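Scroll down for the structure; my scribbles are underneath it.
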Amino acid sequence: MVKKKILITGGAGFIGSHVVRLFVNNYPSYEIYNLDSLTYAGNLENLKDIDQKANYHFIKADITDANLMTELFDKHQFDSVIHLAAESHVDRSITDPLLFIKTNILGTVNLLNAAKNAWKDQMDGKLFYHISTDEVYGSLGETGLFTETTPYDPRSPYSSSKASSDHLVRAYYHTYKLPVVISNCSNNYGPNQFPEKLIPLSISNIKNNKSIPIYGKGENIRDWLFVIDHATAIDAIYHRGTNGETYNIGGINEWTNIDLIYKLCEVMDAKLGRDKGESAKLITFVKDRAGHDMRYAIDSSKLMKELGWSPSLQFEEGIEKTVDWYLANEEWLNNIVSGDYESYYTQQYVNR
Ligand code: NAD
Ligand code: TYD
């Protein structure tokens with residue numbers, strides 16, 4: 001059995017928790033170290049089904065602390081990193097860009113430096129896997145898809161900070177020969193997503209008979225991928241990806257925001273025993289997001305052809321699973337939509 005010590009950053013967040021679960025369950029011979037500072041978006045409840053497993057370890061730490069990152073690499077001798085920790089919400093990046101610069105850029109450099117120093121005598125068998133977003137490529141018109149060679153054109157503080165971190169990862173590959181791989185994924189949805197993002201925010205509001213805020217005219221397009229399909233893509237890229245390469249990950253599943261919300265309302269009506277069309281009455285068009293990217297769409301043929309990955313779920317099935325999860329996990333949701341979340345919500349949606 002192959003033994004590995006893998007540092008997964010941001011493992012208490014939405015995507016990270018699914019990646020940690022997959023690796024802990026599928027690879028019992030790997031020691032998985034989940035490093036997370038537990039910001040508002042980090043929630044150890046996301047991992048309560050696996051946190052007693054012998055190969056799972058949690059480290060509460062902040063990636064912006066350079067010395068601590070070096071100490072942790074010295075102490076644990078990680079042989080690979082899957083780096084997901086980040087500030088991830090575009091709207092928050094518009095309010096507080098500096099936080100995104102610190103976490104997403106400085107935090108990534110700290111991890112790159114720690115890995116570079118720890119692995120300087122032996123790079124073979126090591127891997128720094130950086131998880132990024134399709135938003136680094138900018139905004140598409142009505143046609144075309146982002147490929148791995150699309151020039152970067154980030155337009156929000158969030159996507160700019162992620163683009164910057166991607167460039168730094170590539171710089172460490174070229175300059176220091178650090179073994180790296182990068183993937184850029186489209187919008188994820190599924191269980192455990194923090195209800196500041198479109199789908200869980202809408203589920204929560206529909207359930208509580210609150211208005212569903214749609215930015216602008218709802219014509220913006222996103223490509224949605226079920227989070228567990230992102231985790232299986234990360235598994236494939238971690239194990240079989242080529243050193244120095246980038247892989248795009250997408251759902252082949254484009255929706256305008258308004259059509260997606262109509263679909264979600266239909267599912268919610270059925271699940272909540274409401275009359276058809278009742279939830280859709282909650283749709284409210286609100287002021288558009290500043291610099292709102294019009295369309296994201298991903299060409300993931302490289303990943304599909306080279307590594308044999310494909311999304312396992314149709315959107316209809318994924319959205320039902322997601323709604324079922326949120327309705328079955330009321331406590332998880334209620335614990336989040338109080339306190340800090342309420343002040344965020346008021347600032348973002350009421351006092352705009
Ligand atoms: P998330 O906001 O749900 O989780 C981020 C996690 O990082 C949280 O657990 C948080 O506590 C942790 N974190 C934040 N700052 C930290 C710090 N300074 N030190 C240590 N931990 C810190 O985010 P997510 O949606 O799960 O996204 C994870 C990664 O995937 C991010 O890098 C994001 O850019 C990328 N990504 C997300 C999507 C998406 O649709 N959500 C799509 C493509 C790529
Ligand atoms: P979001 O989930 O924030 O992801 P991203 O901005 O990273 O794509 O938003 C998805 C889309 O939904 C995006 O076009 C913005 C829009 N949106 C709304 O219309 N209303 C909302 O309340 C939110 C959070 C997003």
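Below are the figures for this structure:
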| item | result |
| --- | --- |
| Qualifying residue in region 10-18 (condition: within 19 Å of ALA114 (Cα to Cα) and not in a loop (DSSP other than H, G, I, E, B)) | no |
| Residue among PHE73, PHE23, PHE14 that alone is farther than 25 Å from ASP229 by Cβ, modelled with pLDDT of 95 or more and among the aromatic types (Phe, Trp, Tyr) | PHE73 |
| Single unsatisfied condition, ASP229 versus (1) in contact with a helix residue (DSSP H, G or I) (Cβ under 9 Å, 6 or more places away or on another chain); (2) within 24 Å of GLY125 (Cα to Cα); (3) not β-branched (Val, Ile, Thr) | (2) |
| Number of the condition not met by ILE258 [criteria: (1) within 30 Å of SER80 (Cβ to Cβ); (2) in contact (Cβ under 8 Å) with a residue 40 or more places away in the chain] | (1) |
| Residue list for region 56-82, restricted to those being part of a strand (DSSP E or B) and without any contact (Cβ under 8 Å) to a residue 24 or more places away in the chain | none |
| Where a residue in region 98-124 is surrounded by 23 or more Cβ atoms within 10 Å (Cβ to Cβ) and its partner, wherever it lies, is acidic (Asp, Glu) and at pLDDT 95 or above, with Cβ under 7 Å and at least six apart | PHE100/GLU87; ASN104/GLU87 |
| Exclusive hit being surrounded by 18 or more Cβ atoms within 10 Å (Cβ to Cβ) and over 28 Å from THR149 (Cβ atoms), set TYR262, TYR296, TYR247, TYR326 | TYR326 |
| Contacts under 6 angstrom Cβ, first residue in region 23-42 being within 16 Å of ligand 2 (Cβ to nearest atom), partner modelled with pLDDT of 95 or more, 6 or more apart | ALA41/GLY13; ALA41/PHE194 |
| Residue match in region 158-176 (condition: more than 16 Å from ligand 1 (Cβ to nearest atom), at pLDDT 95 or above and β-branched (Val, Ile, Thr)) | yes |
| Single match in VAL286, VAL350 (criterion: β-branched (Val, Ile, Thr) and open to solvent by 70 Å² or more (accessible area, probe 1.4 Å)) | VAL350 |
| Residue list for region 284-318, filter: touching a strand residue (DSSP E or B) at 6+ places or on another chain (Cβ under 6 Å), away from ligand 2 (no atom under 16 Å from the Cβ) and of a type in the set (A, V, I, L, M, F, W, C) | LEU303, LEU313 |
| Pairs with Cβ under 6 Å, 6+ apart, first in region 299-327 and of a type in the set (Gly, Ala, Ser), second at pLDDT 95 or above and open to solvent by 40 Å² or more (accessible area, probe 1.4 Å) | SER310/MET304 |
| Residues of region 19-55 classified as in a helix (DSSP H, G or I), more than 10 Å from ligand 1 (Cβ to nearest atom) and open to solvent by less than 20 Å² (accessible area, probe 1.4 Å), total | 4 |
| Flag for VAL136 being within 16 Å of ligand 2 (Cβ to nearest atom) and either under 14 Å from ASP79 (Cα atoms) or under 20 Å from the mean Cα position of the chain (by Cα) (or both) | yes |
| Qualifying helices (runs of 4 or more DSSP H) (wholly inside region 94-185; at least 1 residues being among the basic types (Lys, Arg)) | 107-118, 157-176 |
| Index of the failed condition, ASN205 passing every other in (1) touching a Phe, Trp or Tyr at 6+ places or on another chain (Cβ under 9 Å); (2) in a helix (DSSP H, G or I) | (1) |
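Residue by residue, here is whether (1) over 18 Å from the mean Cα position of the chain (by Cα); (2) under 30 Å from LYS48 (Cα atoms) holds:
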| site | (1), (2) |
| --- | --- |
| SER161 | no, no |
| THR175 | yes, no |
| CYS185 | no, yes |
| PRO191 | no, yes |
| PHE194 | no, yes |
| LEU198 | no, yes |
| ASN205 | yes, yes |
| ILE214 | yes, no |
| GLU219 | yes, no |
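The values are calculated or read from the model by the stated rules, or taken from the named source; none is laboratory data. Note that this is a predicted model, so its numbers are computed, not measured. For neighbour counting, all protein chains shown are included, and Cβ atoms are generated from backbone atoms with ideal geometry for every residue, glycine included. Just so you know, the surface numbers come from the protein's heavy atoms only, side chains and all, with ligands and any DNA or RNA stripped out. Shrake-Rupley method; radii C 1.70, N 1.55, O 1.52, S 1.80 Å.
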